[in-house]
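Structure first, commentary second.
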Amino acid sequence: MATLPTTRDENWRYADGAVLAQLDPDVLDQWDDFDVAPGETARRIIMAGGAGPELIRVRVTVGDGATAELFGVVAGDAYARLEVVVHLGRGAHFQFGGVTIGGGDAVREIVTRMDHALPDATSDQVIRAVHWGTATGNFLGRIDVARHAQKTDAAQDFKGLILERGAATNARPELEIYADDVKCAHGASIGQLDESARFYMAARGLPPELARKLLVQAFIGDAFAALGDEGEQERLMDVALAALGDRS
Amino acid sequence: MTMLIIDNLHAEIDGKPILKGLTLTVNAGEIHAIMGPNGAGKSTLAYVLGGRPGYEVTGGSVTLNGADLLDMDPHERATAGMFLGFQYPVEIPGVSNVQFLREALNAQRTARGEAPLSGGDFLKLAREKAGLLRMDMEMLKRNVNVGFSGGEKKRAEMVQMGILDPAFAVLDETDSGLDIDALRVVGDGINAIMRAPDKAVLLITHYQRLLDYVRPDFVHVLAAGRIVTSGGPELAQRLESEGYEAVA
Ligand SMILES: Nc1ncnc2c1ncn2[C@@H]1O[C@H](COP(=O)(O)OP(=O)(O)O)[C@@H](O)[C@H]1O
Ligand SMILES: [Mg+2]
């Protein structure tokens, strides 16, 4: 049986300590396996949107030359964590789009680890966090590139959007690179809604809630841009925007 | 019929007085040009009429069709029939013109108790107005003003005006950034959309050239936050040849 993590653990440093202490230790042994056979392509969609604390942990194994796609929205009312560990085969590709969105005082986080142990694999992660109230959105993204994993291309892009003073985001990229011929583009930024865009939209007759919704939709749209299925894209967007609609 | 009454309007930005007792009446069916040197307060007047945050009215009143304009939120002013054409139209990444304008038009219609336009009807209307401004429909599928040239942005503003069909338009230097051919297209567009017995325009411009296409009924010179001289179209000619200092 695993021992409960605390915020002293690097990997849980921004989590909600009080919630962690109450977790059932069994859940820490529960991993959802997502295996993609060599040469295949598969997609998984995850939505965390419950009322209570949620811990969703996915272990992805991408076979040689295979592609795995994972898209997720973390939009619940309480502490929620989507944790994704990915093992990439030779020439494999992993595509990730993740959104944390919500208010209240909850912590919502996405924690990823890319294990590039073999050459020629690529991974691309786009994470967007939208928060208000005194909520916090976290992204911890670790990328390990082993000595033999030449020609690895691992990209990571995080953007946070704070709708109200009091909300916060934390972004922590962590790159451990032991190969020399690799590309690891990573970016993290935090901002607020563009005031001039809001006024421009109001000047055309859009009420503030609607303008905000359109701007948030545009902002998180990046995370789902690589999702080829428009219906799925819409479904994810609806879940995310529903959280915005509940904003008190 | 009187459309707009601005009476002794005072406004400041960051505590700095910019408009200092501006008085102006515009009747339905009239086009008024406002000219004046850089920094005179022309854009400030436009923004104050539009209700931009940060532009504080410290005295005076403005009514549009008898209603207190200054008491309305910016989106309510649009719904009340006002259109503000921006000197610097704002770029909104991730939001297409079509989506933006359809949401805006339908928000206005809903607020006025009219039925929203269907997707098909909206596209028909958009195509018609784009054609009027010789703008390719493909441009309207792109994100709002993103990657548009200065002239394209101004033309897009007029397409927006055509679609929203306001009773009263304040056009802030809609002519800047336009070459001669585009100037004619935009001028013709303004005439087609706004030249009507129940409509009125406040045409803010720095140069006389737009007035060759959109003949104003009245010309006013705004300097140091006030209207200092008013006259007919001939005043614009004199300003052009003699300069503001000689005339005002
Ligand atoms: N955001 C602002 N903050 C402070 N001063 C401003 C701001 N915008 C405009 N001003 C000042 O207000 C005055 C009028 O500006 P503006 O209305 O843009 O003039 P115009 O459009 O006639 O060129 C100028 O002195 C300008 O420097
Ligand atoms: Mg100006």
### Task
Can you pull the one-decimal nm distance between simple spin-label points at B:Thr23 and B:Arg184, each 7 Å off the Cα toward Cβ?
4.2 nm
### Task
Mind giving me the FRET efficiency for A:Gln150 and A:Ala225? R0 is 41 Å, r the Cβ-Cβ distance, nearest 0.05 is fine.
0.90
### Task
Give me the percent of Cα-Cα pairs in chain B that sit more than 30 Å apart, rounded to a whole number.
24 percent
### Summary
FRET efficiency (A:Glu232, B:Arg215; Cβ distance; R0 56 Å; to 0.05) is 0.55
### Message
If you take the accessible area of A alone plus B alone and subtract the pair, what total do you get in square angstrom, rounded to 100, with a 1.4 Å probe?
### Response
1800 Å²
### Message
What does DSSP give for the protein assembly as shown in terms of the percent of beta bridges that are antiparallel, rounded to the nearest 5?
### Response
20 percent
### Query
Accessible area, 1.4 Å probe, largest first: how do B:His75, B:His32, B:His10 sort?
B:His10, B:His75, B:His32
### Message
Suppose each label sits 7 Å from its Cα in the direction of the beta carbon; what would the B:Glu240-B:Thr110 distance come out to in nanometres?
### Response
4.6 nm
### Summary
From most to least accessible, 1.4 Å probe, no ligand or DNA/RNA atoms counted, B:His220, B:His206 line up as B:His206, B:His220
### Task
Any chance you could check the Cα centroid distance between the range A:21-57 and the range A:155-225 for me, in angstrom?
25 Å
### Summary
SASA check, A:Thr122, accessible area w/ 1.4 Å probe, all protein chains in place, rounded to nearest 10 Å², comes out at 40 Å²
### Task
Could you provide, to the nearest whole Å², the per residue accessible area of the range A:1-52 with probe 1.4 Å?
63 Å²
### Query
Dividing the alpha-carbon Rg of chain A by 2.2 N^0.38 Å yields what?
1.02
#### Entry: Accessible surface of the range B:175-248, 1.4 Å probe, proportion on carbon and sulfur as whole %
49 percent
### Query
Helix B:119-132 versus the longest principal axis of chain B: what is the Cα-based angle in degrees, 0 to 90, to the nearest 10?
50 degrees
### Query
Helix B:97-111: angle to the longest alpha-carbon principal axis of chain B, degrees 0 to 90, nearest 10?
80 degrees
### Task
Please work out the C-alpha center-to-center distance from the range B:68-142 to the range B:2-19 and express it in whole Å.
27 Å
### Query
How high is the relative contact order of the range A:109-199, in percent, with contacts defined as C-alpha pairs under 8 Å that are six or more residues apart?
32 percent
### Query
With the contact rule set at Cα under 8 Å and sequence spacing of 6 or more, what percent relative contact order holds for the range B:2-247?
28 percent
### Query
At A:Ile190 and B:Glu128, where each label point lies 7 Å from the Cα along Cα→Cβ, what is the point-to-point distance in nanometres?
5.0 nm
### Task
Please figure out what share of the DSSP beta bridges in chain B is antiparallel and state it in percent, rounded to the nearest 5.
60 percent
### Task
Would you mind working out the magnitude of the charge dipole of chain A relative to its Cα centre, with +1 at each Lys and Arg C-beta and -1 at each Asp and Glu C-beta, to the nearest 20 Debye?
700 debye
### Message
How large a share of the accessible area of the range B:14-158, in percent, is made up of carbon and sulfur atoms when the probe is 1.4 Å and the other protein chains stay in place?
### Response
48 percent
### Message
If I stretch the segment between A:Thr7 and A:Arg59 completely, what's the gain in nm (0.36 nm per residue apart, minus their alpha carbon distance), one decimal?
### Response
16.5 nm
### Query
Just the accessible area for A:Glu40, please: 1.4 Å probe, Å², rounded to the nearest 10?
100 Å²
### Summary
Note, A:Gly97: beta-carbon cut-off 11 Å, +1 each Lys/Arg, -1 each Asp/Glu, net -3
### Task
Report the net charge of residues surrounding A:Leu28, where surrounding means a beta-carbon distance below 14 angstrom and charges are Lys +1, Arg +1, Asp -1, Glu -1.
-4
### Task
For chain B, report the accessible area per residue in Å² (1.4 Å probe, heavy atoms, rounded to an integer).
41 Å²
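The values are calculated or read from the model by the stated rules, or taken from the named source; none is laboratory data. This is a predicted model, so every value here is computed, not measured. Reconstructed Cβ throughout: ideal geometry from the backbone, glycine too, with neighbour counts over all protein chains shown. Note: accessible area is taken over every heavy atom of the protein model, side chains too, but ligands, DNA and RNA are not part of it. Shrake-Rupley method; radii C 1.70, N 1.55, O 1.52, S 1.80 Å.
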